Amino acid sequence: MMSRLLGASRNAYYRYCQRQRRRPSDAEHEAMIEAVKELAQSSDKSIGPRRMNHALNALGYPVGRQKAWSLIREADVKARYRKKFKIATDSDHKQPVFDNVLAREFTAAEPDQAHVTDITYIWTREAWLNLAVFIDLFRTGSRLKHGVTDER
């Protein structure tokens, strides 16, 4: 009878009723905003929308990631992001730079004539680790030149 009175289909009327039931009250909305502020403060402002979504769901507020994102914006919480890495190379120095004596010739006739090295940084849960590799080209030179890197 309501759908005929309002001039709407039954489907549209029931969808409207369902949306009204899911909408949180003003008190619940304010409680969610306060929870967002407390979660951001307790995490030292390092929590983003994905983790905020999981935390709010754990606290009993059933929200999705978009709702968590809008609550973060409404609470005016800004997440601080850590830098992925720190550049540790100092290219502005007065130290001598050595010539490239190999000239891309990666073969050696005898051991301990030519070596190649490389260094990389690997992030772990605790800190950055440095990985350095030092290779004698006597045994590996021909394989490096042809792209074969497995040891047999």
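Assorted remarks:
- Radius of gyration over Kirkwood radius for the range 1-108, both on Cα atoms: the Rg/Rh ratio is 1.46.
- Among ASN130, ASN100, ASN53: highest mean-square fluctuation, GNM of the chain, C-alpha pairs under 10 Å: ASN100
- Take the Cα of ARG65, step 7 Å toward its Cβ, do the same at ARG139, and the gap between the two points is 4.8 nm.
- For the options ARG125, ARG80, ARG50, a Gaussian network treatment of the chain with springs between C-alpha atoms closer than 10 Å singles out ARG125 as fluctuating the most.
- Computed per residue of the chain from DSSP H runs no shorter than four, each worth -39500 (n - 2.57), the mean residue ellipticity at 222 nm is -12500 deg cm²/dmol.
- Principal-axis tilt of helix 49-58 within the chain, Cα atoms, nearest 10 degrees: 50 degrees
- Counting only alpha carbon atoms, the long axis of helix 65-74 and the longest principal axis of the chain meet at about 80°.
Throughout, read-outs are computed from the coordinates displayed, never taken from laboratory work. Note that the structure is predicted; figures quoted are calculated from it, not measured. Don't worry about glycine lacking a Cβ; one is built from the backbone with ideal geometry, like all the others, and counts go over all protein chains shown.
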